[in-house]
1. For segment 201-213, check the following and say yes or no: at least one residue is farther than 22 Å from Asp127 by Cα, part of a strand (DSSP E or B) and not basic (Lys, Arg).
2. Only one of Ile417, Ile368 is farther than 26 Å from Ala60 by Cβ and modelled with pLDDT under 95. Can you tell me which?
3. May I ask you to list the residues in segment 157-174 that are modelled with pLDDT of 95 or more and either open to solvent by 30 Å² or more (accessible area, probe 1.4 Å) or of a type in the set (Gly, Ala, Ser) (or both)?
4. What number of residues within segment 431-470 are assigned to a loop (DSSP other than H, G, I, E, B), open to solvent by 20 Å² or more (accessible area, probe 1.4 Å) and over 24 Å from Arg255 (Cβ atoms)?
5. Of all residues in segment 347-389, which are of a type in the set (Lys, Arg) and without any contact (Cβ under 8 Å) to a residue 60 or more places away in the chain?
6. Being part of a strand (DSSP E or B) and surrounded by fewer than 16 Cβ atoms within 10 Å (Cβ to Cβ) is the filter here, so list the residues in segment 471-503 that pass it.
7. Of the conditions (1) at pLDDT 95 or above; (2) of a type in the set (S, T, N, Q); (3) within 24 Å of Ile602 (Cβ to Cβ), Asn132 clears all except one; give me its number.
8. Does segment 418-427 include one or more residues that are under 25 Å from the mean Cα position of the chain (by Cα) and open to solvent by less than 30 Å² (accessible area, probe 1.4 Å)?
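The values are calculated or read from the model by the stated rules, or taken from the named source; none is laboratory data. Computed from a predicted structure; not experimentally measured. Cβ coordinates were reconstructed from backbone atoms using ideal geometry, including for glycine residues, and neighbour counts include every protein chain displayed. Keep in mind that these areas ignore ligands, DNA and RNA; they rest on the heavy atoms of the full protein, side chains included. Shrake-Rupley method; radii C 1.70, N 1.55, O 1.52, S 1.80 Å.
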Amino acid sequence: MKVRTALVALGLFLAGAIAIPLPAAPVRGWLNWRGPQQNGSSLEKNLPDNIALKDALWVADFPGQSTPVIANGKLYIMGYLGEGPDLQEGVACFDAETGQKLWQHLYNDFLSDTIYQRYATSSATVDPETGNVYMQGTQGILAALAAGDGKLLWQHSLMEEFGRLTFPNSRTASPLIDQDLVITRGITANWGAHGPAGDRFYAFDKKTGDLVWASSPGDRPKDNSYSHPYLGWLGGKRVFYSATGDGSVVCVNARTGEPIWRATLSKAGVNATVLVHHNDKIIAVYGTPYEKGQMVALKISDVEPTNAAAGPVIIERSKVELWAADLSTSASSPILADDTVYLVTEKGDLCALDASTGNVSWKLRLGIEERNACPLYADGKLYVPMLDDPESKAEGSGEAGTTGAFYIIKPGDKPQILAHLALDGRCFGTPSAYNGKIYIQTTRHIYCFGKKGDNPGLAPEPEPEKWPVHGPPTAVQIIPSEVLLRPGQSAAFHSRMIDAKGFTVEEIKAPIALKWSSYIPPTARVKSVMKAAFNDKGQLVAAGEAVPSAGAFEAAFGQLKGYIRGRVLPYLPVKQDFESFALSETNAAEGTAFSYPPLPWIGARFKFDVREKDGGKVLAKTTDNRFFQRATVFMGTPDASNYTIEADVMSDGNRRKMSEVGVINQRYLIGLKGNEQKLEINSNQERLRVNEDFKWLPNVWYRLKARVDIAPDSSGLIRAKAWKKAEPEPEKWTIAVPHKTAHQNGSPGLFGFSPQDMRVYIDNVSVTPNEK
């Protein structure tokens, strides 16, 4: 403890704040989609004020809805290539000066609700310290890649590991870097306390990929949100502000994930990114095509929760609202230049507002619709993409519905259009500016406009942020904060003392100094203990038995406490018949006895429960919450491959009205569709979907079996069959689907869809390795 005391004394000796030094070789550029000022503006000069297609420096074929980010002469951008079942999405690296593609790292879509090729809606992010690149795909792959060659450093499948949900609009968060953390977000239905669906933020160690914290600052979500967090300071804490899927604006401690406060704005999810003006107000905009919205300014409240268990302070909008303007948008974000806010509304009006009063200075009609894209302000000009080009005679105009508009506008009392051109492909993405060039992506190409070579008008490098000196330690932060182990596996942790505001006081260098004990949170509905124990090296070692389990542990370091949670999932084979579950809970609405589903399964809680059926215990789809009428459950690890899954399945109903039930094998959904009377294999409804007629009856048990085999050339064969449980298994497969760019791995899982209150049931689940 003497070392800690010395560090605290040193902190008190120093001035009130210290500067974090810049890296030895600073990474320069436009490093994230909102730019260096977090508000869609740049201080760079000598940017183009008149552009034409024929004068483009380069054009590259890499479609998407993303924003180019630039670092040390390289451009990184999300996009997609391929057609049909072989379409893949990911990040590519180009030479920012010439447009030469240097590398790309692409992933399949899987089990998502994406429609109309709404891919690459997020943007890559570059770490200013290492230059490493971070991306999040539509299907929930979060990956860290080396800047030089695109080598994969680490990745997470947020869907399979954290229960991330997908939506037809496919709006996907862009990662955010803050010192040692990479922060992302999504609607997730995980396990345990995070089992209920919530709009959550996750912080990972940017170098190792270990989970540092998870945060649930919002209420029950109404939609997904890809609002980008805005980093700032509040009451000496490092915080971020963000809009959320429950229609709120939240403030969260960026070092610990602790929710600080929440103010509700809308009855729907809010997608637009917030702005912070003069560090005393948040400006947010909301609205949907079906609901009138507003732009509002809220006074930033310096409040503190009474304790972590109490959750964030709930702030009434009426008590902090500074002004409101009748402007709305569902997905396009406003930008800030000095004291002026610029916004393109849902109906295509470019508007300028006074950030202090909310008074609208002017409106300029540019189109009939704006979606996702937002303007860029740089060098005294606005660079504004519009979804479609309203003028058929604009330069380079193509066929209707495939041409986006791009404007350069000189703002002022009477805004002047300096340039207007039609781009090949619709404009969903936001432009970026760096080194004398403007970059923009459409659903067909990436365009680069400007001057060759280096720009003498580059903005000066920003001063390094000053971070407060830490205070005395009050808790222990343990990383990773959550682990997944197989029987006999072990996990090592690193821990540090943090102060009341979440800043690191001192690393705990001796893991054995922590005293560990099992911990059951007071709010836990399932009193479960993880089948694992800590050894004399401070490592958590899973028990050798092939039994799934989950739970939490408390670490004590003197008077300081810290917590982790974890799961143990057995290797294949896996079998579950649900007979061991005690039906100790009662459904209040139905008066029916039930048990919660297996705790270690991802996404099962509240979507399924265990009930009595036909003389045994089965997994039953819940029907009392419309939000969960479609449910996907993962019961394994994302690295599983070459296996066969079987289960008994049944649907309530009659010959006219049934539901859907199925299994998941290696990111393929194999399901029986009741109303259509089909056996189907799909991975995305529009990318890969093949079915065969299959007559099946309600209230009759069937056996469903699916197998995936991966060939040496990475292609795959997905096969499935179904038959009445009371009858012998047929020799032939009912359906077989080849896939050229097959999913190489994926967690086994279960699926139920009960849109008409017709329950589905699952029993006798078996997952076994394929025989060679």
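1. no
2. None of the others qualify; the one that does is Ile368.
3. Hits for segment 157-174 are Ser157, Glu161, Gly163, Ala173, Ser174.
4. So the answer is 13.
5. Lys347, Lys363, Arg365, Arg371
6. Within segment 471-503, Thr474, Ser490 qualify.
7. Looking at each condition in turn, Asn132 falls short on (3).
8. Yes, segment 418-427 has at least one match.
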